Every structure is written in structure tokens, then in C-alpha cells.
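Peer 1: Shown below is the structure under consideration.
The values are calculated or read from the model by the stated rules, or taken from the named source; none is laboratory data. Note that the coordinates shown come from a computational prediction; the quantities given were computed from them, not determined experimentally. Each accessible area value is taken on the protein alone, full model and side chains, heavy atoms only, with ligands, DNA and RNA left out. Shrake-Rupley method; radii C 1.70, N 1.55, O 1.52, S 1.80 Å.
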Amino acid sequence: MMLLALVAFFDSFKGWLPKNWLASRLEAVILSGFVRLLLGGLCLGGLVILAALLKNYACYYHFTVRRQNDDLLVERGLFTRNTLTIPLRRIQAIQIKQNFLRAWLKLTSVELILAAGMIGGQLLYLKKS
């Protein structure tokens, strides 16, 4: 909006200002606004990606899955340690999903389908072996 206001302002004085000076100033204003907008968008996008990475890091810090007797123990978390105990007899199916990016990183997601349904709608992410 400010860029349009500046263009309109310069356009009103177009008749008595030198054309070369007007064109160079208008071009500088347009380019500086575009560059600032582009840099602002890149910074904002970078901050959003960094926040998502930090959230996932805190959520899946020291992620371990181990078998203890007839149970599967899943532990994870940085600030709050979450421990999930799943009886093996309740597991009805295992669904493995892998998209292109996870295949490239050699990761896969494993979803356990239990007799009572999925646990809180959460997926488990494991290294592919």
C-alpha cells in the first residue's frame, strides 16, 4: 500500500521533475521494497521451520522402543518424559509408511493398530533397519 502511495505521489509531480531523476528514485523505491519483502518472508519461513524442528526435537528426544516381557515400552521427551506401555497381545496390525524424503533419510514411520484403536492418534517414528 505504501509503495502504491509513493508511486501516486511521484506521478502527481511528473510534469515538473526531471525524468531521469524520477525514474531512478521510483526504481530504487520499488526494488528496496521488494527486497525487504523477500528477506522478511525468508526470515519468517526460516523461523517457522526452526520452531518446528525444535518442537520435534523436544518431543522425540531420546526416543526408545524396547520389549519388556510381554509389553512394548516407548519412551520419549526432553522436558517431559513420556512412557507408553503397549501389551503385545493388543497389537492387531503394524502399518509401515515411507515417503520419498524419509526413504532418502532412511527413516520410516510405524503405526501400531491395537485392539482398542490407535493410542491417542500418535504415530511412532523409527529408524529403518
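Peer 1: Of the heavy-atom accessible surface of the stretch 49-108 (probe 1.4 angstrom), what whole percent is carbon and sulfur? If you can, show how the numbers build up before the last one.
Peer 2: Details: 2850 of 4870 Å².
Of all accessible area on the stretch 49-108, carbon and sulfur atoms account for 59 percent.
Peer 1: With a probe of 1.4 Å, find how much accessible area the stretch 56-99 has per residue, and write the answer as a whole number in Å². Mind showing how you got there, number by number?
Peer 2: Working: 3340 Å² over 44 residues.
That works out to 76 Å² for each residue.
Peer 1: Would you kindly state how much longer the chain becomes between Val110 and Leu54 on full extension, computed as 0.36 nm times their sequence separation minus their alpha carbon distance, in nm to one decimal? Each step should come with its number before you reach the end.
Peer 2: On the way: separation 56, 0.36 × 56 = 20.16 nm, distance 2.19 nm.
Net length gain for the segment: 18.0 nm.
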